[in-house]
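Asks: I have a structure here, written as C-alpha cells, and I will follow up with some questions on it.
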Amino acid sequence: MANKNYKQMKLEIITPEKTVFRGNIKSVTLPGTLGLFEVLENHAPLISSLKEGTVKIVKANGEEKTVEILDGFAEVSNNEINVCVEGTKEI
C-alpha cells in the first residue's frame with residue numbers, strides 16, 4: 001500500500017559546468033565507491049564518495065531516468081540529496 005503521507009525528496013546533480021538534474025524524486029540509486037546504494041525518504045544523513053557509473057532516479061511522478069556520471073560525492077540530509085560530480089557521460 002502506498003504511503004499517503006509521502007514527502008518528496010529533492011535531488012540536485014551538478015558538474016562544474018552545469019546542473020544535470022534538479023527535481024523532486026521518490027528514490028535515487030548511486031554508485032558509491034564501496035558499492036551501489038539507494039536513498040529513500042528519511043534516509044540517515046551521510047556523505048559518500050562516488051565512482052564512475054549510473055545514477056538511477058525515480059522521479060516523483062514514477063518516471064525513471066538514468067545519468068552516467070564520473071567520480072564525485074553525494075550528501076544526504078533532511079530529504080535533500082546533493083550530488084557533485086566531475087562530469088557526465090553520454091549514453
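Asks: Counting only residues that are surrounded by fewer than 16 Cβ atoms within 10 Å (Cβ to Cβ) and under 10 Å from the mean Cα position of the chain (by Cα), how many does segment 74-83 have?
Replies: So the count comes out to 3.
Asks: Of the residues in segment 51-68, how many are over 11 Å from the mean Cα position of the chain (by Cα) and either of a type in the set (S, T, N, Q) or surrounded by 13 or more Cβ atoms within 10 Å (Cβ to Cβ) (or both)?
Replies: 6
Asks: Give just the number: which of (1) more than 21 Å from residue 89 (Cα to Cα); (2) surrounded by fewer than 15 Cβ atoms within 10 Å (Cβ to Cβ); (3) at pLDDT 95 or above does residue 27 not satisfy?
Replies: Going through the list (1) more than 21 Å from residue 89 (Cα to Cα); (2) surrounded by fewer than 15 Cβ atoms within 10 Å (Cβ to Cβ); (3) at pLDDT 95 or above, residue 27 breaks only (2).
Asks: Applying the selection to segment 1-19, what residues are in a strand (DSSP E or B) and either modelled with pLDDT under 95 or of a type in the set (A, V, I, L, M) (or both)?
Replies: 9, 11, 13, 14 - these are the residues of segment 1-19 that are in a strand (DSSP E or B) and either modelled with pLDDT under 95 or of a type in the set (A, V, I, L, M) (or both).
Asks: What single numbered condition from (1) on the phi > 0 side of the Ramachandran plot; (2) surrounded by 11 or more Cβ atoms within 10 Å (Cβ to Cβ) fails to hold for residue 89?
Replies: Result: residue 89 passes all but (1).
Asks: Pull up segment 9-24, narrow it to residues that are surrounded by fewer than 11 Cβ atoms within 10 Å (Cβ to Cβ) and touching a residue at least 24 places away in the same chain (Cβ under 8 Å), then point me to the one that is nearest to residue 52 (Cα to Cα).
Replies: Result: 16.
The values are calculated or read from the model by the stated rules, or taken from the named source; none is laboratory data. Not measured: the values here are computed from a predicted model. Neighbour counts run over all protein chains shown; Cβ positions are idealised from the backbone, glycine included.
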